[in-house]
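Asker: Take this structure, written in structure tokens, and hold onto it; I'll ask about it next.
The values are calculated or read from the model by the stated rules, or taken from the named source; none is laboratory data. What you see is a predicted model, and the numbers here were worked out from it, not measured in a lab. All Cβ positions, even for glycine, are placed from backbone atoms using ideal geometry, and neighbour counts span all protein chains on display. When the accessible area is computed, the model is the full protein with side chains, heavy atoms only, and any ligands, DNA or RNA have been set aside. Shrake-Rupley method; radii C 1.70, N 1.55, O 1.52, S 1.80 Å.
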Amino acid sequence: MGKLEFDRNCMEQTMDRIVERTMRMDMTWDWPCGVAYYGIAEAYEATGKQEYLDLMKERVDELISLGLPDFTVNTCAMGHALLTLYQHTGQEVYKDIIEAKLNYLEHEALRFGDHVLQHTVSADNDFPEQCWADTLFMAALFLLRAGVMLERPELTADALNQWYWHIQYLQDEKNGLWYHGYNHITKDHMSGFYWGRANCWAAYTMSQVAHILPECYLYPEYLEIAGSLNEQLSALKLYQTDSGLWRTLLDDDESYEEVSASAGIAAAMLAKKNPLYLKYVNKTVQGLLANVAEDGRVMNVSGGTAVMKDREGYRNISRKWIQGWGQGMALTFFAGLLQYDAMKGDGAL
């Protein structure tokens, strides 16, 4: 019978190092911080270490006191930390900002077609009528979590609608992989590459729906999500490298191995709870541990990536520097390992 292969003490020490290094980063109220703090929140849920929550709260409070920027799809990623802080502290300041972000997404954010969120990174109309897989983490997952927590079914419906249409626009039905983006004006996938982190955003967020949404099987959109995820994961396993990682362009042997995408894909495999995926997850454990520096920096994480014009554009994105999304997705994966192992010990699997 398959089982996870990792040392819990080593894993918790690694998470301590990553959290400590993450909190040294001077990230502002934007998506890098949003993904990073999502990972810290997941680490808190998996370990119960109050210091994780306290560190995140202190920094979030400081950012709030400095004033918030204009909202975009990307800045809504900070909503994840706010949801966790509101859930565990009950402080209304977090709920007020959550409501402001929800109001932006529901009434002000640019949309096209069947109420699909246009991906936005600034107050400008940066990418007219384009949907990107990134939106699923930054906005759809936030909408779903908020909808369930606040008992707002209209938010849940909007979140499921985002997944439904992103699946139609971005997943290649021939092989199950996801494109980075879709242009609704030109009706194409632009450069048309299977970007690793796009597949991370899609797989990870879809894997969470069943865990968040009560009686998810009663929603027709969820059945679309479940089918999409099954197809995607069964395809992704074929592209895992010998070191347990995935490349920044999944089907390009000359593209480098990219750690944030690898963490998110493996975290989705864990959340799926299919024992057939455990051998791939175990390979990723070793691959990720080899990419965590002694000071807690998660290495080999590609920089922020727009839909690039050509293959070389993706291949040449720098992976030299520490990135919030690398820290956050590594923590999310390691937290998933601890939670999966704990559930198995309780007879839940």
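Let's see how each residue does on (1) touching a Cys at 6+ places or on another chain (Cβ under 9 Å); (2) assigned to a helix (DSSP H, G or I); (3) surrounded by 14 or more Cβ atoms within 10 Å (Cβ to Cβ):
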{"site": "SER255", "(1), (2), (3)": "no, no, yes"}
{"site": "ILE265", "(1), (2), (3)": "yes, yes, yes"}
{"site": "LYS283", "(1), (2), (3)": "no, yes, yes"}
{"site": "GLY287", "(1), (2), (3)": "no, yes, yes"}
{"site": "ASP295", "(1), (2), (3)": "no, no, no"}
{"site": "PHE333", "(1), (2), (3)": "no, yes, yes"}
{"site": "GLY336", "(1), (2), (3)": "no, yes, yes"}
{"site": "MET343", "(1), (2), (3)": "no, yes, no"}
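Asker: Another question, if that's okay. Here is a list: THR135, THR120, THR186. Which entry is over 19 Å from LEU223 (Cα atoms), touching a strand residue (DSSP E or B) at 6+ places or on another chain (Cβ under 7 Å) and β-branched (Val, Ile, Thr)?
Answerer: Testing whether each residue is over 19 Å from LEU223 (Cα atoms), touching a strand residue (DSSP E or B) at 6+ places or on another chain (Cβ under 7 Å) and β-branched (Val, Ile, Thr) leaves just THR135.
Asker: For VAL60, are the conditions met, namely being β-branched (Val, Ile, Thr) and in contact with a Gly (Cβ under 8 Å, 6 or more places away or on another chain)?
Answerer: Answer is no for this residue.
Asker: Being within 21 Å of ASP134 (Cα to Cα) and in contact with a Leu (Cβ under 6 Å, 6 or more places away or on another chain) narrows it down to one residue among SER262, SER228; which is it?
Answerer: SER262
Asker: Just the residues that are of a type in the set (Lys, Arg) and either within 12 Å of TYR340 (Cβ to Cβ) or in contact with a helix residue (DSSP H, G or I) (Cβ under 6 Å, 6 or more places away or on another chain) (or both), please, taken from the range 9-25.
Answerer: Once the filter is applied, which keeps residues that are of a type in the set (Lys, Arg) and either within 12 Å of TYR340 (Cβ to Cβ) or in contact with a helix residue (DSSP H, G or I) (Cβ under 6 Å, 6 or more places away or on another chain) (or both), the range 9-25 yields nothing.
Asker: Looking at (1) in contact with a Pro (Cβ under 9 Å, 6 or more places away or on another chain); (2) modelled with pLDDT under 95, can you tell me which one TRP325 breaks?
Answerer: (2)
Asker: Right, here's the next one. Which one of MET329, MET308 is of a type outside the set (D, E, K, R), closer than 26 Å to LEU136 by Cα and assigned to a loop (DSSP other than H, G, I, E, B)?
Answerer: Residue meeting the stated conditions: MET308.
Asker: Here is a further query. Considering only the range 1-109, give the helices (runs of 4 or more DSSP H) lying wholly within it that have at least 2 residues that are in contact with a Ser or Thr (Cβ under 7 Å, 6 or more places away or on another chain) and open to solvent by less than 10 Å² (accessible area, probe 1.4 Å).
Answerer: Counting at least 2 such residues, we get 31-47.
Asker: Please state which of the following conditions LEU155 fails to meet, knowing it meets all the rest: (1) open to solvent by 50 Å² or more (accessible area, probe 1.4 Å); (2) free of Cβ contacts under 8 Å to residues at least 60 places away in the same chain; (3) in a helix (DSSP H, G or I).
Answerer: Here LEU155 clears every test but (1).
Asker: Can you pull out the residues in the range 97-152 that are under 19 Å from the mean Cα position of the chain (by Cα) and free of Cβ contacts under 8 Å to residues at least 12 places away in the same chain?
Answerer: none
Asker: Also, quick follow-up: Would you mention how many residues in the range 238-251 are assigned to a loop (DSSP other than H, G, I, E, B), open to solvent by 10 Å² or more (accessible area, probe 1.4 Å) and closer than 12 Å to TYR194 by Cβ?
Answerer: Qualifying residue count, the range 238-251: 1.
Asker: Moving on to the next point. Of all residues in the range 262-309 being under 17 Å from the mean Cα position of the chain (by Cα) and among the hydroxyl-bearing types (Ser, Thr, Tyr), which is modelled with the lowest pLDDT?
Answerer: Going through the qualifying residues, I end up with THR305.
Asker: For residues that are part of a loop (DSSP other than H, G, I, E, B) and in contact (Cβ under 8 Å) with a residue 60 or more places away in the chain, scanning just the range 177-213, find the one that is farthest from GLY328 (Cα to Cα).
Answerer: HIS184
Asker: Quick check on the range 158-175. Is at least one of its residues under 20 Å from SER302 (Cα atoms), part of a loop (DSSP other than H, G, I, E, B) and either touching a residue at least 12 places away in the same chain (Cβ under 8 Å) or of a type outside the set (Asp, Glu) (or both)?
Answerer: No; the residues of the range 158-175 include none that is under 20 Å from SER302 (Cα atoms), part of a loop (DSSP other than H, G, I, E, B) and either touching a residue at least 12 places away in the same chain (Cβ under 8 Å) or of a type outside the set (Asp, Glu) (or both).
Asker: If you don't mind, there's one more thing I want to ask. I need the full set of residues from the range 239-257 which are under 17 Å from GLN286 (Cα atoms) and either under 19 Å from the mean Cα position of the chain (by Cα) or of a type outside the set (Ser, Thr, Tyr) (or both), in order please.
Answerer: Scanning the range 239-257 gives GLN240, ASP242, GLY244, LEU245, TRP246, ARG247, GLU257.
Asker: In the list LEU150, LEU144, which residue meets the criterion of being out of contact with any strand residue (DSSP E or B) (no Cβ under 7 Å at 6 or more places or on another chain), open to solvent by 30 Å² or more (accessible area, probe 1.4 Å) and closer than 23 Å to CYS76 by Cα?
Answerer: LEU150
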